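Notes for the one structure printed next.
Just so you know, all these numbers are worked out from the coordinates, no wet-lab data involved. What you see is a predicted model; the values in this text were computed from it and never measured. Positions of Cβ are generated from backbone atoms using ideal geometry, with glycine treated the same way; all protein chains shown enter the neighbour counts.
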Amino acid sequence: MDLVDYSRDRYNDIVIDYAEIARTLQLKDVVYLPISALKGDNIVKRSANLAWYDGPALLELLEETELQKDIDHSRGRLSVQYVIRPQTEAHHDYRGYAGKISSGTWRKGDLITVLPSGLTSRIREISTGGHVVETAVARQSVILQLEDDIDISRGDLLVTGDRPPKAAQDFEALVCWMDTKPLSAGNKYLLQLGSRTVRGMVRDIEYRLDVNTLERQPSPGLAGLNDIVKISLRTASPLPFDAYTDLPANGGAILIDETSHVTVGACLLQTT
């Protein structure tokens, strides 16, 4: 937070206000850092003007923040981006499934489930960067080969672990609207999660969120540019997903205009 003055009391008052906002938004691991961008206090190193503050400077905090703790290693999610079939004499039986691991730790021999079909198999080989590996983790791009020849296409979701995602056609979503054309009930869009795209229709706009007060304004009718709204949505076919609050890696989606193919909304999916 950028301070107007260097008062500790003022800093404490601001922390109380922001802590209430963080609690309302269910934010975790929030750090409060007093800085002055105008004078450079607490940006690169601790400032004598804030002698009462005993925490890190901004640069130190950024360098020491651990990002890996936000990765769920127990539930594997990989959206298939491409099915590799060379169909050459040397690789006539080769079938690899390429994609980026969004969560989980993947090992040779692991049991995987293909969604939405529900078919299962085990991982025969994992390769990344042109090398065969025994283990791969979230944020790595990999090619998987399976022990069984089963039907898998682009957009299918490969899953490991004992907490599979929910497959549904009815969703609730918090949406940031990014188009000059308003969003209204009855509008049809493409909903894309990972590499899977399905057609969907907005059934209702439940409320608009006032970003200044966090007040929920019920039944707004329309959503305009930069509005944040909660909507209900129905898709033409089932979509495997995790609630964003439970597993963000498989709960963030986008809405796409069917005609212009422009991304018009950013969605945080929720369970109904």
Top positive-direction residue, dipole computed over region 102-249 with Cβ charges, set Val175, Gln140, Ala243: Val175
Could you give each residue of region 236-250 its phi-based ³J(HN,Hα) in whole Hz, using Karplus coefficients 6.51, -1.76, 1.60 with θ = phi - 60°, and x for Gly or Pro? 6, 9, x, 10, x, 7, 10, 4, 4, 5, 8, 8, x, 4, 10
Would you please classify the overall shape of the chain from the alpha carbon gyration tensor, given that a ≥ b ≥ c denote the square roots of the eigenvalues, rounded means a/c under 1.5, and beyond that prolate means a/b larger than b/c while oblate covers the rest? oblate
Determine the shape class of region 8-65: with a ≥ b ≥ c the square roots of the Cα gyration tensor eigenvalues, call it rounded for a/c under 1.5, and otherwise prolate if a/b is greater than b/c, oblate otherwise. oblate
What residue among Arg46, Arg208, Arg196 shows peak mean-square fluctuation when the chain is described by a Gaussian network model with Cα springs under 10 Å? Arg46
By count of other Cβ within 10 Å, fewest leading, how are Ser219, Ser103, Ser121, Ser127 ordered? Ser219, Ser127, Ser121, Ser103
Residue (of Ala19, Asn42, Thr65) at the positive-pole extreme of region 8-65, dipole from beta-carbon charges: Asn42
Treat every Asp and Glu Cβ in the chain as -1 and every Lys and Arg Cβ as +1, leave all other atoms uncharged, and give the resulting dipole magnitude about the Cα centre to the nearest 20 debye. 520
Rounded to the nearest 20 Debye, what is the dipole magnitude of region 166-270 about its Cα centre when Lys and Arg each give +1 and Asp and Glu each give -1 at the C-beta? 260
